[in-house]
Amino acid sequence: MASSSPAASRSETSPTAPSPRKAVSAAFAGAFIEWYDFYLYGTAAALVFPQIFFPEADPTVSLLQSFGSFAAGFLMRPLGAVVFGHFGDRIGRKNMLILTVLLIGICTFGIGLLPGYEQIGVWAVVLLLLARLVQGFGIGGEFGGGSLVALENAPTGRRGLMGSFHQMGTPAGLLVSTGIFSLMQLLPEEQFMSWGWRVPFLISGIFVIAAFLIRRSLPETPAFTADADEVRSIPFFSLIRESWRNLLLGIGARMADAVTYNIINVFAISFVTTYLGLPSALILVGFTISAAVQIFLLPLFGAWSDRVGRRPVYLTGIAICAVGGLAYFPILQLNQPLTTWLIIVAVHAIGTGMMFSIQGAFFAEMFGTRMRYTGLGVVYQSSSLIGGAPTPVIAVALTSAFLGSFWPAVIYLVAMCVISGICVLLVSDNSKVDLSDTASITTRRAKQVRS
């Protein structure tokens, strides 16, 4: 006789679990699209958009306005995390994954078609901001869903490794976007500023079609279809009520990663060109090399975290970013390509890589199945809004206020690393716990905290 339990009912009708290769391919595809856009827009915001969309202000104000458009996309990310997380936790992961990748890709492609300020005036800025906001809304739902495709198909003891394959989309996106952008910069400057910068944005259309085809045939994750937990009417409210402590600690834990990247890449590109008079290729080539190195390191870090736990790996990455951040700009001033590329690899590929490789697994293990999509998305996108979005603007403003000194921006980076380190120490390590058991564990701990 068939069981009448909810879990049994769902199990009988649930589709066959995808192969690990198909699951990680679907996860990788979305992460690649997300980060291809992120790195591409950040680079263009530093080098192209001040002239194309904000040409009437002085160079510093134009750069601030351009970085402001970069930050605008982050405003919609938490909302996207809540909306996509709501439906992802209530009706399933698959359809949300398809929607997010389409939203991100269509907007990235559209930016490549936008006329500049000289053609349509302020409407160019309005359209750029609109595309960036919609794009940010889609990105808000991507990390949670993309991570769960890999993690909820992974056995206990291998989530760090499986989750790291999803995160490999990040350096791959950086590698491809930076590589294509660098190739376009080989054009004469007039051609590059006229149409060359648009090519990397338009190429994203090919990547979107591929990601859509991969995800369209993906079944629902077994963890979701077999889950017997009560469906929350509004998962976000349940998250705030039942897991607020882990939510805040997760946001704090990711600040080091979000701030470090935006200081050493987005801000550093503008710093070396504006204050040091060095070519932007010094940074772009370094990050291309670092991304290639990081692709190979991420699975190693993920597997390491499966052996020793998430906290030791994450804390090591924070320490490397703090120490490397202190040496980063003094080394850039030397204008020596080899030493510049080595410090980029150390801080980016290794330092942020240790954190980024395990963030999906680390944060997923903080929440139960019926609020995990929402929890992952809110942690990740809120930290992006707080730590990632304003960082280039803060760094430029601090540098301008202190007469071109990079030290205030470096101090800001180190302070965020300290905050993240404290938060990681306060988070429970659930790397050896089955994901289906994390809901009861976090609920019990929440009750202990309240008592």
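General remarks:
- One equal scatterer on each Cα of the chain, no solvent, Debye formula: the resulting log10 I(q)/I(0) at q = 0.09, 0.13 Å⁻¹ is -0.54, -1.12.
- The solvent-accessible area of Asp257, taken with every protein chain present and a 1.4 Å probe, is close to 10 Å².
- Heavy-atom SASA rank of Val208, Val418 (probe 1.4 Å, accessible area, largest first): Val418, Val208
- Calculated on C-alpha atoms, the gyration radius of segment 292-333 divided by its Kirkwood radius gives an Rg/Rh of 1.10.
- Note on the chain: dipole from Cβ charges, positive end direction compared against Thr288, Gly277, Phe84; the farthest Cα belongs to Phe84.
- 5 Å-binned pair-distance histogram of segment 176-313 (Cα, whole percent): 2, 7, 8, 11, 15, 15, 15, 11, 8, 5, 3, 1, 0
- Cα gyration tensor category, rounded, prolate or oblate, for segment 153-205 with a/c compared to 1.5: prolate
- Screening the chain for whole DSSP H helices of 20 Å or more along their axis (Cα) with average Kyte-Doolittle hydropathy at least -1.0 returns 20-47, 59-75, 94-111, 122-151, 169-184, 198-216, 235-261, 281-308, 310-333, 369-383, 407-426.
- In terms of packing, defined here as the mean over residues of other Cβ atoms within 10 angstrom, the peptides 388-398, 160-170 line up highest first as 160-170, 388-398.
- A full extension of the chain between Glu118 and Asp434 corresponds to an added length of 108.1 nm, given 0.36 nm per residue minus the alpha carbon distance.
- Remark: the Leu334-Arg21 segment gains 108.3 nm on full extension, using 0.36 nm per residue and subtracting the alpha carbon distance.
- Inter-label distance, nm, simple model (7 Å from Cα along the C-beta direction), Asp58/Ala210: 4.5 nm
- Surface composition of the chain: carbon and sulfur make up 69 percent of the accessible area, probe 1.4 Å.
- Radius ratio Rg over Rh of segment 21-172, counting only Cα atoms, Kirkwood formula for Rh: 1.06
- Solvent-accessible surface (1.4 Å probe) assigned to Glu34 amounts to roughly 0 Å².
- Summed over the residues of the chain and divided among them, the accessible surface reaches 37 Å² per residue at a probe radius of 1.4 Å.
The values are calculated or read from the model by the stated rules, or taken from the named source; none is laboratory data. What you see is a predicted model, and the numbers here were worked out from it, not measured in a lab. Note: ideal-geometry Cβ built from the backbone for every residue, glycine included; neighbour counts use all protein chains shown. Remember, those area values only see protein heavy atoms, side chains included, never the ligands or the DNA or RNA. Shrake-Rupley method; radii C 1.70, N 1.55, O 1.52, S 1.80 Å.
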